[in-house]
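Reading through the C-alpha cells given below for one structure.
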Amino acid sequence: MKKIMVTGGAGFIGSNFVHYVVKYHPEVHVTVLDKLTYAGNKGNLAGLPEDRVQLVVGDIADAELVERLVKDTDAVVHYAAESHNDNSLKDPFPFVQTNIIGTYTLIEACRKHDVRYHHVSTDEVYGDLPLREDLPGHGEGPGEKFTAETPYNPSSPYSATKAGSDLLVRAWVRSFGLKATISNCSNNYGSYQHIEKFIPRQITNILSNIRPKLYGEGKNVRDWIHTNDHSSAVWTILTKGRIGETYLIGADGEENNKEVLELILELMGQPKEAYDHVADRAGHDLRYAIDSTKLREELGWTPEFTNFKAGLADTIQWYTENKAWWLAEKEAVEANYAKNNQ
Ligand code: NAD
Ligand code: DAU
C-alpha cells in the first residue's frame, strides 16, 4: 500500500490518523479529502511534510472529484462525517447528505476501480446498554457489551446515518465484492477535538471562566479511548483485517459523565461541585461498552494509552497551551448551546 486517501483527514480523528501514518509508515503517501466544514481545520495537519501529505479541499459527495482521486489510490480510509449528536438533533439534513450520500459516492468509486476501502464508524449504531448496576453480570455477562453480532438499533439522526452508511458498505461487499472492512469505535478523546464535544467543552469552559455543563444527572456512561489508540487500530484493520469483517475498537474505558467532569475539575484545581446541571439531550443513550476481543485476538492489537487520568491531564495541557486553536470559536459554540438551555 503506497498511496492512501483519508477522507475527513483535517478533523479530530482523521488528522490523528494522518499523523500516525506519516510517523510510522514512511513508505505511504496520504491524500486528504476534506471539505473543511466548521469541524475541519487545516492547522491540524500543520508541520507534516508536503511530499508525504496532500490536502484536497472538496466534498465526498462530489462524484467527479471522488472518482478522479480514487482511481489514483491504493486504499480509502473514510473518516469524513457530520459527527455531533446535538447538531443532528437540530438539523439532520447535513448528516443524511454527508454520512449517507457521501459514503455511497465513495464506495461506488471504490467498487468501479477495485480499490480497498476501510469504513470508520461508531459504537452508537448499536443503540445503548443498561447501566452495569442493572445487569445480572454487572456488565461482564454475555451480551452485556457490544460485539460485531449486536443488532443495529441507533437512537439519534447522527447514529442512524452512520448505521445506514455501515449497511451500505455491507451490501456493497456482499453484492459487488467491494474489498471493505468496517470498524466501530467508542468515544475518542485527545488533542484537536472540536470544543462542541463533552471533554474539550468542559476544559475550555473552565479556561474561559464558564461553569461546566452536565446533561441531566450525568449517569450516562461512555467507553473512552485515546485517539492515538483508535489510529493504531484502524491501521491494523486496514493492513491485516479480513475483507467483509466488522471489528469493534475499544480500550475498556467506561466512565460516567459525572465522574469524568469531576476528574477534569480536580485536574484543573477546581472544586468538585463547580458545575451546572443543564437540560438533558433528547433520546440520550445511557451506556456504551465495547467488547474488542475479536480485534485483539484475531489481529493482535492492544491499546497503549489506557491511563485515562494521565491522558486527560495531557489533553487539558494541550487546550491550555493552544488557546489560539479554539478561542475564536468558543463564544459561538456556547451561544448555540444556550439556545437549548445546555
Ligand atoms: P470531526 O467532526 O472532528 O471531523 C469530521 C471531518 O470531516 C472534518 O474535517 C470535516 O471538515 C470533514 N467533513 C465533513 N463533511 C464532509 C464532506 N461532505 N466532505 C468532506 N469532508 C467532510 O469528526 P471526528 O470526531 O474526527 O470523527 C471522524 C469519524 O470517526 C466520523 O466518521 C465519526 O463518525 C467516527 N467516530 C468518531 C468517534 C468520536 O468519538 N469522535 C468515535 C467513533 C467513530
Ligand atoms: O461513541 C462514539 C461517539 O462518541 C461518536 O460516534 C460521536 O461522533 C462522538 O461525538 C461521541 O458521541 P457522544 O454523543 O457520546 O459524545 P459527546 O462528546 O457529544 O457527549 C459525551 C457525553 O457527554 C454524552 O453522554 C453527552 C454528555 N454531555 C455532552 C456535552 C457536549 C454533557 O453532559 N455535557 C455537554 O456539554
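Quick notes on this one:
- Sorted from longest to shortest, the spans of the Cα atoms of region 68-140 along the three principal axes equal 52, 32, 13 Å.
- Shown here for region 129-182: GluC sites (Glu not before Pro) in loop regions (DSSP other than H, G, I, E, B) with at most 16 other Cβ atoms within 10 Å, namely Glu140, Glu149.
- Computed accessible area, Ser292, all protein chains, 1.4 angstrom probe, square angstrom: 10 Å²
- Solvent-free Debye scattering, log10 I(q)/I(0), computed from the Cα coordinates of region 1-146 at q = 0.09, 0.11, 0.22 Å⁻¹: -0.34, -0.49, -1.32
- Of Gly14, Gly311, Gly190, the residue with the greatest mean-square motion in the GNM of the chain, using alpha carbon springs below 10 Å, is Gly311.
- The chain - share of DSSP beta bridges that are antiparallel (%, nearest 5): 10 percent
- Per DSSP, loop trypsin sites (Lys or Arg not before Pro) in region 287-342 with at most 11 further Cβ within 10 Å: Lys339
- Across q = 0.23, 0.27 Å⁻¹, region 188-246 modelled as identical point scatterers on its alpha-carbon atoms has Debye log10 I(q)/I(0) values of -0.98, -1.13, in the order of the q list.
- For region 147-182 versus region 5-19, the gap between their alpha-carbon centres in whole angstrom: 21 Å
- Each Cα pair under 8 Å and six or more residues apart adds its sequence gap; the mean of these over the residue count of region 164-281 is a relative contact order of 36 percent.
- The sum of -39500 (n - 2.57) across all DSSP H runs of n ≥ 4, divided by the residue count of the chain, sets its helix-only mean residue ellipticity at 222 nm to -11500 deg cm²/dmol.
- Accessible area of Phe305 in the full protein assembly, 1.4 Å probe (Å², nearest 10): 90 Å²
- Taking all protein chains as they are arranged and a probe of 1.4 Å, the heavy atoms of Asp280 leave approximately 80 Å² accessible to solvent.
- Accessible area, probe 1.4 Å, largest first, for residues Lys90, Lys112: Lys112, Lys90
- At the listed q of 0.09, 0.10, 0.11 Å⁻¹, the Debye profile of the chain, built from one uniform point per Cα, gives log10 I(q)/I(0) equal to -0.46, -0.57, -0.70.
- When Glu245, Glu273, Glu50 are compared by accessible area of protein heavy atoms, the largest-first order is Glu50, Glu273, Glu245, using a 1.4 Å probe.
- 5 Å binning of all Cα-Cα separations within region 63-192, expressed as whole percents from 0 upward: 2, 10, 18, 19, 18, 14, 10, 5, 2, 1, 0
- Share of Cα-Cα pairs in region 135-286 lying beyond 29 Å, as whole percent: 29 percent
The values are calculated or read from the model by the stated rules, or taken from the named source; none is laboratory data. Just so it is clear, the structure is predicted and the values come from calculations on it, not from any experiment. Please note: Cβ atoms are built from the backbone with ideal geometry, for glycine as well, and neighbour counts cover all protein chains shown. Please note that ligands, DNA and RNA were not included when accessible areas were found on the heavy atoms of the full protein model with its side chains. Shrake-Rupley method; radii C 1.70, N 1.55, O 1.52, S 1.80 Å.
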